[in-house]
Amino acid sequence: DGDRVESGKAAALAAAGGLAGSLPFLLSASEPGLQSILSLGASIAACLLFGVTYRYAVREDATNMHLRGGAVAAFGLVKALGAADVIQATADAGDVFSAAVIGNSALYAAQCMLLFGFAAAAVEAGFSNGLVKRMGGTTGQ
């Protein structure tokens, strides 16, 4: 089915864009290892899903910046809030609202927004270059 192929291309572009956005953070890790590889794998998987969802969400409405930005923000916030919950849960009881915990959570949230921002930019570039066809109107054509 042609629609599945286009969604697959959007997913691949989003994963490539997300990977490009993640590499500086991965390369700057103090101790790259299994944790970094697992984190990168989770980010790539999230970007694959984002690419398909983004293609369906924005459809032919290329000028609606709120919709495009909202898709990026929704995915970024969900990924960031899950991590912030873990960061707070692993903090000492008195340190839950410390500057270190809040700062680490905010930094990770910014990284998540960049991850999906790069993924969206890659899919948009694919739309612009004709590599990926936009989803049809509300009928799903």
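Identify, please: which residue in the range 83-92 is surrounded by 13 or more Cβ atoms within 10 Å (Cβ to Cβ) and under 25 Å from ALA14 (Cβ atoms) and is, among those, modelled with the highest pLDDT? Let's see the steps before the verdict.
Kept after step one, since they are surrounded by 13 or more Cβ atoms within 10 Å (Cβ to Cβ), are these residues of the range 83-92: 83-84, 87-88, 91.
From the residues that got through so far, the ones that are under 25 Å from ALA14 (Cβ atoms) too are 83-84.
Working: ALA83: 83, ALA84: 79.
Checked the range 83-92; the qualifying residue modelled with the highest pLDDT is ALA83.
The listed residues are LEU67, LEU77, and the only one of them that is open to solvent by 50 Å² or more (accessible area, probe 1.4 Å), out of contact with any helix residue (DSSP H, G or I) (no Cβ under 7 Å at 6 or more places or on another chain) and either under 16 Å from ALA14 (Cα atoms) or assigned to a helix (DSSP H, G or I) (or both) turns out to be LEU77. Can you tell me which condition ILE37 does not meet? The list is (1) more than 21 Å from ALA125 (Cβ to Cβ); (2) within 10 Å of the chain's Cα centre (by Cα), and all the others hold. If we test ILE37 against (1) more than 21 Å from ALA125 (Cβ to Cβ); (2) within 10 Å of the chain's Cα centre (by Cα), just (2) comes out false.
Which residues, taken from the range 35-64, are assigned to a helix (DSSP H, G or I), open to solvent by 60 Å² or more (accessible area, probe 1.4 Å) and touching a residue at least 24 places away in the same chain (Cβ under 8 Å)? Step through it out loud before you land on a result.
Our first condition is that a residue be assigned to a helix (DSSP H, G or I); within the range 35-64, this holds for 35-58.
Then keep just the ones that are open to solvent by 60 Å² or more (accessible area, probe 1.4 Å); that gives 35, 37-38, 48-49, 56.
Selection gives LEU48, LEU49, TYR56.
Looking across the range 81-97 at every residue that is assigned to a helix (DSSP H, G or I) and not aliphatic (A, V, I, L, M), the one that is farthest from ALA109 (Cα to Cα) is identified as GLY94.
For residues in the range 1-34 being of a type in the set (D, E, K, R), open to solvent by 60 Å² or more (accessible area, probe 1.4 Å) and assigned to a helix (DSSP H, G or I), which is modelled with the highest pLDDT? Steps first, answer last, please.
Residues of the range 1-34 of a type in the set (D, E, K, R): 1, 3-4, 6, 9, 31.
Add one more test, that the residue is open to solvent by 60 Å² or more (accessible area, probe 1.4 Å), and what stays is 1, 4, 9, 31.
Of the ones still in play, those that are also assigned to a helix (DSSP H, G or I) are 4, 9.
Details: ARG4: 93, LYS9: 97.
Filtering the range 1-34 for residues that are of a type in the set (D, E, K, R), open to solvent by 60 Å² or more (accessible area, probe 1.4 Å) and assigned to a helix (DSSP H, G or I), the one modelled with the highest pLDDT comes out as LYS9.
For the range 93-113, check the following and say yes or no: at least one residue is hydroxyl-bearing (Ser, Thr, Tyr) and either at positive phi or surrounded by fewer than 12 Cβ atoms within 10 Å (Cβ to Cβ) (or both). Before the answer, list the steps.
Taking the range 93-113 first, the residues hydroxyl-bearing (Ser, Thr, Tyr) are 98, 105, 108.
If we keep only those that are either at positive phi or surrounded by fewer than 12 Cβ atoms within 10 Å (Cβ to Cβ) (or both) too, we end up with none.
The answer is no, given that none of the residues of the range 93-113 is hydroxyl-bearing (Ser, Thr, Tyr) and either at positive phi or surrounded by fewer than 12 Cβ atoms within 10 Å (Cβ to Cβ) (or both).
The values are calculated or read from the model by the stated rules, or taken from the named source; none is laboratory data. Quick caveat: nothing in here was measured; it's all calculated off a predicted structure. Note that each Cβ is placed from the backbone with ideal geometry, even for glycine, and that neighbours are counted across all protein chains shown. Keep in mind that these areas ignore ligands, DNA and RNA; they rest on the heavy atoms of the full protein, side chains included. Shrake-Rupley method; radii C 1.70, N 1.55, O 1.52, S 1.80 Å.
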